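Participant: Following this message is one structure expressed as structure tokens.
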Amino acid sequence: LGKIKSDDEQPGLAVYDPGFTNTASCRSSVTYIDGDKGILEYRGYPIEQLAEHSNFLEVAYLLIHGELPTKEQYEAWEHEITFHTFVHENVKSLMQGFRYDAHPMGMLMASVGALSTFYPAAGNIHDADNRHMQIVRMIAKMPTLGAWSFRHAQGKPYVYPDNDLSYTANFLSMLFKMSESKYQPDERLVKALDVLFILHADHEQNCSANAVRSVGSSQVDPYSSVAAGIGALFGPLHGGANEAVLRMLRRIGSKENIPAFIEGVKNGDERLMGFGHRVYKNYDPRARIIKKAADDVFEVTGVNPLLEIAQELEKIALEDEYFVKRKLYPNVDFYSGLIYEALEFPPEMFTVLFAIGRTPGWLAQWNELVQDKEQKIARPKQIYTGDRGLTFTPAAERW
Ligand code: ACO
């Protein structure tokens with residue numbers, strides 16, 4: 001743009017691109033997506049291999065550090081994360097102050113933002129050790145805050161972390177533990193939830209990552225940046241879609257009602273939630289892996305009756321010209337809600353699970369952003385469409 005600007009009267013070429021569909025906002029080496037081919041890679045590793053052979057904490061390490069850990073590095077990382085799972089008691093008091101029916105995403109967003117006041121040094125973003133400390137804290141504390149927002153809605157006492165358990169098993173313990181005795185989750189469910197966290201860990205410049213980067217570009221602390229990301233994720237067109245899918249399936253109610261529902265979608269009355277993606281114009285690779293995870297979960301919990309409706313809906317949509325022509329395929333959210341429901345999460349919690357999984361991706365991108373010498377404060381252009389140069393008449397003369 002600068003190169004073709006000839007003088008102050010000639011601003012050069014500006015691009016009107018609402019939603020940034022064709023504008024790169026940064027350079028990044030975290031995640032690669034080829035939406036036409038349905039490819040997703042974290043730091044060059046295909047998502048299918050990571051989901052099958054890795055675990056969430058190792059993937060978090062990979063995203064943050066850019067390479068896989070040695071055994072010693074992994075053990076040190078796991079130790080650090082495990083021993084930062086507790087939060088200050090005043091954070092607990094803050095959360096207890098919410099209404100009984102507060103949406104857990106609102107509670108999560110507020111409590112993550114509040115962490116910045118407990119760690120004022122977090123504002124020192126140019127110090128690498130300090131950044132590392134905040135990254136560890138945030139990955140460690142997200143399950144605690146997420147689980148407490150769940151217990152809050154149920155009116156149950158908050159459960160403290162059990163640091164003898166793995167990252168994901170500890171999360172389940174804080175959610176579902178009902179007595180003094182140790183919580184022992186089914187390992188197959190732990191594995192399935194861990195895979196879901198891996199699948200959600202990053203997705204390049206999606207709406208919430210863009211929010212984290214945009215806010216982070218002001219050089220604010222990472223808690224404030226991630227709180228902004230959580231706000232973006234809350235919306236029904238982003239992370240809130242999995243919750244919306246479940247509500248949609250319930251509303252459809254039975255396979256017989258699907259054709260009428262599809263007609264409504266085609267008439268523009270509503271959207272088929274869990275379908276379509278800004279980047280994927282092919283089957284979302286995460287949706288395939290989720291289908292497999294769903295089988296593993298349903299083996300333990302029994303089949304979710306809404307699964308039949310979802311499968312039939314997918315089949316009909318994939319054969320319908322409206323969806324074919326627009327390259328609308330199931331995305332990660334189409335089946336994830338069914339698994340979450342089988343794991344006994346209420347729909348309001350689905351996006352919280354997404355947020356816990358996405359935290360390493362947000363932080364990897366934030367960490368990349370603050371070290372990027374080319375990065376400027378995010379400040380898009382606008383095309384002004386309002387009035388100009390009006391003369392103000394004081395209220396006393398106008399009324
Ligand atoms: N149902 C029906 N029609 C759809 C859908 C859908 N789910 N998604 C897109 N379309 C149609 C649009 O109406 C539009 O049709 P038109 O060309 O006749 O006007 C065309 O497909 C292109 O749609 P856009 O809205 O321009 O696509 P965009 O890339 O902006 O939107 C989005 C992507 C927001 C994900 C969209 O597909 C959608 O709303 N999907 C449903 C919500 C959802 O599942 N979100 C989760 C996304 S994944 C994630 O965040 C983890």
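The values are calculated or read from the model by the stated rules, or taken from the named source; none is laboratory data. Since the model is a prediction, treat every value here as computed from it, not as a measurement. Positions of Cβ are generated from backbone atoms using ideal geometry, with glycine treated the same way; all protein chains shown enter the neighbour counts.
Participant: Considering every residue within region 284-303, establish whether at least one is in contact with a His (Cβ under 9 Å, 6 or more places away or on another chain), within 26 Å of Pro360 (Cβ to Cβ) and modelled with pLDDT under 95.
Facilitator: Within region 284-303, one or more residues are in contact with a His (Cβ under 9 Å, 6 or more places away or on another chain), within 26 Å of Pro360 (Cβ to Cβ) and modelled with pLDDT under 95.
Participant: Return yes when Ala294 is more than 16 Å from the ligand (Cβ to nearest atom), among the small types (Gly, Ala, Ser) and outside any loop (DSSP other than H, G, I, E, B) and no when it is not.
Facilitator: Criteria met by Ala294.
Participant: When region 262-280 is examined, which residues are found to be surrounded by fewer than 14 Cβ atoms within 10 Å (Cβ to Cβ) and either of a type in the set (S, T, N, Q) or near the ligand (Cβ under 6 Å from one of its atoms) (or both)?
Facilitator: Asn267
Participant: Could you tell me which numbered condition Arg288 fails, if it satisfies all but one of (1) more than 9 Å from the ligand (Cβ to nearest atom); (2) under 24 Å from Pro18 (Cα atoms)?
Facilitator: (2)
Participant: Could you go through region 167-187 and let me know if any residue there is within 30 Å of Phe20 (Cα to Cα) and in contact with a Pro (Cβ under 8 Å, 6 or more places away or on another chain). Show your work before the answer.
Facilitator: Just the residues of region 167-187 that are within 30 Å of Phe20 (Cα to Cα), to begin with: none.
No, that holds for no residue.
Participant: Among Glu308, Glu299, Glu312, which is the only one that is in contact with a Lys or Arg (Cβ under 6 Å, 6 or more places away or on another chain), more than 14 Å from the ligand (Cβ to nearest atom), of a type in the set (D, E, K, R) and more than 14 Å from Asn242 (Cβ to Cβ)?
Facilitator: Glu312
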